[in-house]
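Enquirer: The structure under discussion is supplied below as structure tokens; questions concerning it will follow.
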Amino acid sequence: MDIGLTTLQEEDIAKHMATAQALIERTNVIVAEDSRESKTELAGTRRRFVSTVSTGRNKSTREVKFTDTLTAVTKDDAMLSIVQHSVAVRTRRALAVALAVRDVFARQSELETLTAKNQDTTLKGDEATHYHRLLASAGFVTMFTAASYLLQNIEVDADPTSDLPDALFDLDTPHDAAKAFVYGLDMAAGDAVDDEQLKARVRAFARETLEGLMQRRGRFDELAPFEDTHIRLDGDDFTLNGLAIEDRARRQPLIMTFKKPNEVVGNHIAKFQSIKLAKMLMAYDFDRQLNPFVELGGFLFSFIGDGYPGTGKTTLIQMIAGIMKDYCEVAGFPFHYENFGVDQISSYQGKSGQNCKQFIRNVMDPRVIGFGTVDDIDQVAAKRSDDRSSAGQQEITAVLMESLSGAGTVVRGNCSFGMFSNYPENVDDALRQRAGARWLVDGPQTADDYIDIFTLLVGKNHKVKLGDHDLYAAQAIVEAVNTAYEEHDKPKQERLANIHTRFVKESGKPKTLADIGRYLHAIKLDLPSFTGRSIKNITDAAKMRAMDIELPDEWFETPEPFLHQEYDTKRDMIAELRGPMSIDMMIQEIHRYADSEYRYADKTDEAAIDDLVRQQQIRERAAGEITSLKEDGKWID
């Protein structure tokens, strides 16, 4: 993918400002109107009576005076209010920026060349057809940019209190697209009852326009190069990342209880990788909108953590968010944390999916360091085969699958998603496999762990002696992690251990890539869910282990040594610390991943067996009660 960044200059926008001004003051738009619609407005409204008898559709010319419509929102004041003036200025700016981006698209494609050629001589045949398709694509880009600008630059807390008008998608040329967009804005603004609703309706209309454009995206093949374009306008803090919809909802201050790493007892590998993930995210370059760890390999975009209730999943989330927030404060980077929970499952059709999409957009905003979590993922999302789940849960499953590893997923390296569950076997297999890493959150395990956690939680309001114990020595993370990784030299789950024993007996310990491939195939024969995506997750985890470098803490204490360096400098600094992948790393990651799959599969089987046993017990109990009722003469056939 092309990651080059195009920066719009003010002179590129200024040459379109006169056109934009004319568009918001007065323009004529040809629209198809239903002949049932009366030409006389209903008293006190801007709506027209519509007959219930259809007599066909006609086209007519509508004169649009957007600035006059804005003024009419406050009927007792002939001047624009501050809010109305702001909407007018931002709309004019949106149109000028859109036409400037249209110029970028024209230079990227053949549109600029064909336009010049068409001025000299009329284009014919395939060349003329291609030219008109490019013009329509440029119209798409123009409307998309204008709507994106308003969506990113108008902030409002309210929602529209009445229905919005349908957008007019006249995309034959960029100028037609700009006029059609102004016409839709005029209709949306005309029904505003006050300034707050004016902003809400304009912003919501921009959002609906973008969604309508994306539904029509398949008709414009010439847009392919634009999808890899990254455009930035620094003065307005406006960014276009291809055709991604960037909806910056107003961010609330982050309020949560943060935990320090020394307050997390046990969970050594999960804690270690959490700290590394936080440092990885801080390598993100806001100008290039890319992270060196994505280019070099080893970036963790999504993971799933599972364990019994009370083992520390919530504490782990609080620790990760706290570390990221601290690092971002040092660097001066914006940080956004958001959890998606069961309270966002809606009974309204489609609303749950919209809530989940908004959650994904908020976290993936390329202008923030983002961390998103889905706690109790087994309750929020549903297995697609579960007919007892709600439609909202199924919508969320579909959105998460598409967003975490879909055809349009773009990993920039500015955010990561964590899914947590006490019962991961209840998560859809395809969704679970979209988690690039598996963290077993098993909590304290050893006697030393339990001494540490009890001492930590009991606090200091006592005079009881500690006794013969080196407090928190067991939590020394490097030693603990090395020991934890070495435990995966051999599998832990019985079924996988049997495969490993049989493989080693027949072929010896894996020493080459071919040996590893045969070992993976042996696992596949026993576990059908062990697919190509599983292999990708394993190799990504092994790459992360190769990047398992300890970024020096002094890089994060002040912004100058690392955080504020240019992208290439950051990449070179990280690359110098990188080590090679070893076969031991590969084997350990295979066992870590496969152990988790067998653990999930075994839990699923156990749950199914328990359910069958329970049903059989109910049947036998029911049969006994029926027999008793018949013997007592109380059974009614």
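Enquirer: What shape does the stretch 284-330 have by the C-alpha gyration tensor, where a ≥ b ≥ c are the square roots of the eigenvalues, rounded means a/c under 1.5, and otherwise prolate means a/b greater than b/c and oblate the rest?
Expert: The shape class here is oblate.
Enquirer: Then there's this: Over the chain, what is the relative contact order in percent, taking alpha-carbon pairs closer than 8 angstrom and at least six residues apart?
Expert: RCO, the chain: 12 percent.
Enquirer: May I pose another question? Helix-only mean residue ellipticity at 222 nm, the chain, DSSP H runs n ≥ 4 weighted -39,500 (n - 2.57), per residue, nearest 500. What is it?
Expert: Calculated mean residue ellipticity at 222 nm is -16500 deg cm²/dmol.
Enquirer: Here's a follow-up. Which angle from 0 to 90°, rounded to the nearest 10, does the C-alpha axis of helix 268-281 make with the longest principal axis of the chain?
Expert: 20 degrees
Enquirer: Still on this structure, please answer the following. Distance from a point 7 Å along Cα→Cβ of R219 to each backbone N in the stretch 122-141: keep the residues under 14 Å and list them by number.
Expert: What the label zone holds, given the 14 Å backbone N cut-off, is 133-141.
Enquirer: May I pose another question? Which log10 I(q)/I(0) values does the stretch 343-409 give at q = 0.15, 0.18 Å⁻¹ under the Debye formula, counting every alpha carbon as one identical point scatterer?
Expert: Normalising to I(0) and taking log10 leaves -0.47, -0.66.
Enquirer: Using alpha carbons only, how many degrees (0 to 90, rounded to 10) separate the axis of helix 513-526 from the longest principal axis of the chain?
Expert: For 513-526 against the chain, the angle is about 90 degrees.
Enquirer: Averaged per residue, what accessible area in Å² does the chain show with a 1.4 Å probe, protein chains only?
Expert: On a per-residue basis, 50 Å².
Enquirer: Roughly what percent of Cα-Cα pairs across the stretch 422-477 reach past 13 Å? Provide the component values of the computation, followed by the final result.
Expert: On the way: 1099 of 1540 pairs.
Roughly 71 percent, rounded to a whole number.
Enquirer: Turning to a different aspect of this structure: Excluding ligands and nucleic acids, what accessible area in Å² is computed for T71 using a 1.4 Å probe, to the nearest 10?
Expert: Spelled out: T71, probe radius 1.4 Å, area about 30 Å².
Enquirer: Provide, for q = 0.14, 0.22, 0.26 Å⁻¹, the log10 of I(q)/I(0) from a solvent-free Debye sum over equal Cα point scatterers in the stretch 99-178.
Expert: Once normalised to I(0) and log-transformed, intensities are -0.56, -1.02, -1.24.
Enquirer: Note the full-extension length gain between E196 and R62 as 0.36 nm times their separation in residues minus their Cα-Cα distance, in nm to one decimal.
Expert: On the way: separation 134, 0.36 × 134 = 48.24 nm, distance 2.67 nm.
Gain on extension, E196 to R62, equals 45.6 nm.
Enquirer: Of the peptides 210-218, 360-368, 589-597, how do they stack up when ordered by the mean number of other Cβ atoms within 10 Å, highest first?
Expert: By packing density, highest mean first, the sequence is 589-597, 360-368, 210-218.
Enquirer: Also, quick follow-up: Summing +1 for each Lys or Arg and -1 for each Asp or Glu, what net charge is found among the other residues whose Cβ lies under 11 Å from the Cβ of T113? Before the final figure, lay out each step's value.
Expert: Numbers: positive: R107, K117; negative: E110, E112, E127.
In short, -1.
Enquirer: For the stretch 383-470, what class follows from the C-alpha gyration tensor (a ≥ b ≥ c being the square roots of its eigenvalues): rounded when a/c is under 1.5, otherwise prolate if a/b is larger than b/c, else oblate?
Expert: Working: a/c = 3.46, a/b = 2.41, b/c = 1.44.
Prolate, since a/c reaches 1.5 and a/b exceeds b/c.
Enquirer: Also, I was wondering about something else. How many percent of the accessible area of the chain is carbon or sulfur, using a 1.4 Å probe?
Expert: Answer for the chain is 50 percent, counting heavy atoms of protein chains only.
Enquirer: Can you tell me the length gained on complete extension of the stretch V613 to H462, counting 0.36 nm per residue apart and subtracting the Cα distance?
Expert: 49.4 nm
Enquirer: Next question. With 32 Å as the limit, write out which pairs from K325/K511; K383/K524; K313/K543; K279/K505; K199/K313; K75/K351 have Cα-Cα distances beyond it, or answer none.
Expert: Too far apart for the 32 Å limit: K325/K511; K279/K505; K199/K313; K75/K351.
Enquirer: Using a basic spin-label model with each label point 7 Å from the Cα along Cα→Cβ, how many nm lie between D126 and T19?
Expert: 3.0 nm
Enquirer: How much length, in nm to one decimal, is gained on full extension between T627 and A430, taken as 0.36 nm per residue of separation minus their Cα-Cα distance? Don't jump to the answer; show the numbers that get you there.
Expert: Working: separation 197, 0.36 × 197 = 70.92 nm, distance 4.66 nm.
Difference between extended and current length: 66.3 nm.
Enquirer: At q = 0.05, 0.09, 0.12 Å⁻¹, what base-10 log of I(q)/I(0) does the Debye formula yield for the chain when every alpha carbon is treated as an equal point scatterer in vacuo?
Expert: Computed log10 I(q)/I(0) values: -0.32, -0.89, -1.28.
Enquirer: Now for a separate question. How much of H175 can a 1.4 Å solvent probe reach, expressed as accessible area in Å² and rounded to 10?
Expert: Rounded to the nearest 10, the figure is 90 Å².
The values are calculated or read from the model by the stated rules, or taken from the named source; none is laboratory data. Since we're looking at a predicted model, the values are computed, not measured. Cβ coordinates were reconstructed from backbone atoms using ideal geometry, including for glycine residues, and neighbour counts include every protein chain displayed. Calculation scope for accessible area: heavy atoms of the full protein, side chains included, ligands and nucleic acids excluded. Shrake-Rupley method; radii C 1.70, N 1.55, O 1.52, S 1.80 Å.
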